[in-house]
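The values are calculated or read from the model by the stated rules, or taken from the named source; none is laboratory data. As the structure is a prediction and not an experimental result, all values here were calculated from the model. Don't worry about glycine lacking a Cβ; one is built from the backbone with ideal geometry, like all the others, and counts go over all protein chains shown.
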Amino acid sequence: MGKHILVIGGFSIMHKRLKKLGAKMTLINVSTEIKSNENSTYHRVIGVPKDKSINEWLEIAAFFHNIDPFDGIACFHEMDQEKAAYIAQELQLFYLEPKVIERTRNKILMRSVLREYGVDKTKNAIVNTTDEISSFAQMHGYPIILKPVDGWGSIGVAKIENAEELEHALGWYQTADFGSGMIVEEYLEGKEFSVEAFSENGIHKIMCITEKFKEEQHFVEIGHRLPYKGVYSDYERAIHEFVQHALTSIGITHGPSHTEIILTIDGPKIIETHTRLGGDYIPELINMVSGIDLLDLWAKQAMGESIINEIPQTPNMKKSAAIWYGTPSTAGLVKEIIGEEEAQSTAGVTRVEILQKQGNKITGMKDSFSRSACVLATGENTDLAISNAQLALSKIQFVIEDEQSEEVVVCSS
């Protein structure tokens, strides 16, 4: 039996990677998220009620550590990383410090640290009322961004162009109901990218720069393409150095990171960073064009292996890959989905995912979880890759029963 790894939270795909590497695993997860058909993956499975505090998770972990010591700790789900960090600190296991996780989750803390180190001085403030939002806008000018302090998936995010839009944006934020407070930030004008990296002993290696596409009102991501080789490629070195400085300032010393930036006329500015791999199939897109398996690298690191030398200084990406999302503009109940097989047979397409199934309610694209379908595709260059994905997506149609008229309509995704 290999190393005994304490696994905190979900993401069974990664847990199976650990088992493949020979890990003996004790899983601690919320009881309702444990799947009985996957229990054979683990040496021991411990279910915890959802309302238990971090201290109670600590007590459970310490109890089992005393009777069957852990060699390491792993956590692959962002929402559980704070628990993992405190448990690791208590049991003296190697992991990121709790303050590092908190800096990546709390956007006010992140901006404070980046400002202190001179990395990024984007203006922002905690606000509680419309008057405070208005005062920030008067001081720094419109447009501004309103968002939750520790939100995710573009939930509750709004761009405010003028004072007339303030009440609507505040109402939109309140639908998110994070309860963690809200912040306003200056609007960063420019092209958006995400930067995938792995860190080890404080050394940061950049895997890929991904070009991002978002809808304008709530910044829901609708597409990505990589590797980026457009008109901004002259700034590649500046982006690399900026992200490396940001990761060092925040205190990220090891593991994967996914950093979202805007390339402004004044250089790169950060939106947010995460101590995890990128979402929206970005690891799969990278694997499609480079052959590098980011999930394997993460699993090896969790087992205590060194992986930094497995990452080429400049990964060889022989082709390009893209993903494109869509959702019908008509709100209502999904009655039928047409064209999935036709989309799958489109040139360059590697994956088609229907995200809103028959019987689901479609409400438009308001956050990452409301998108209805996506297509992954490759091409000789990024233009062709994204064109292949968009063409395939256009073939998918949703038959929807309109909420207002009860009329059944056919909508493209």
Hits in the stretch 70-105 - residues which are in a loop (DSSP other than H, G, I, E, B) and within 17 Å of the chain's Cα centre (by Cα): Cys75, Phe76, His77
Residues located in the stretch 1-29, provided they are free of Cβ contacts under 8 Å to residues at least 60 places away in the same chain, surrounded by fewer than 17 Cβ atoms within 10 Å (Cβ to Cβ) and outside any loop (DSSP other than H, G, I, E, B): Lys16
Ser320 being among the polar types (S, T, N, Q), within 22 Å of the chain's Cα centre (by Cα) and under 17 Å from Glu221 (Cα atoms): no
Any hit, the stretch 57-69, residues being under 27 Å from the mean Cα position of the chain (by Cα) and without any contact (Cβ under 8 Å) to a residue 40 or more places away in the chain: yes
Single residue of the stretch 350-388 satisfying the filter (β-branched (Val, Ile, Thr), within 30 Å of Asn316 (Cβ to Cβ) and out of contact with any Pro (no Cβ under 9 Å at 6 or more places or on another chain)) that is surrounded by the most Cβ atoms within 10 Å (Cβ to Cβ): Val375
Residue tally, condition in contact with a helix residue (DSSP H, G or I) (Cβ under 6 Å, 6 or more places away or on another chain), assigned to a strand (DSSP E or B) and among the β-branched types (Val, Ile, Thr), over the stretch 127-151: 2
Residues being of a type in the set (A, V, I, L, M) and at pLDDT 95 or above - total across the stretch 111-138: 3
Residue tally, condition within 20 Å of the chain's Cα centre (by Cα) and of a type outside the set (A, V, I, L, M, F, W, C), over the stretch 334-390: 9
Residue within the stretch 367-386 that is in a strand (DSSP E or B) and more than 22 Å from Arg225 (Cα to Cα) present: no
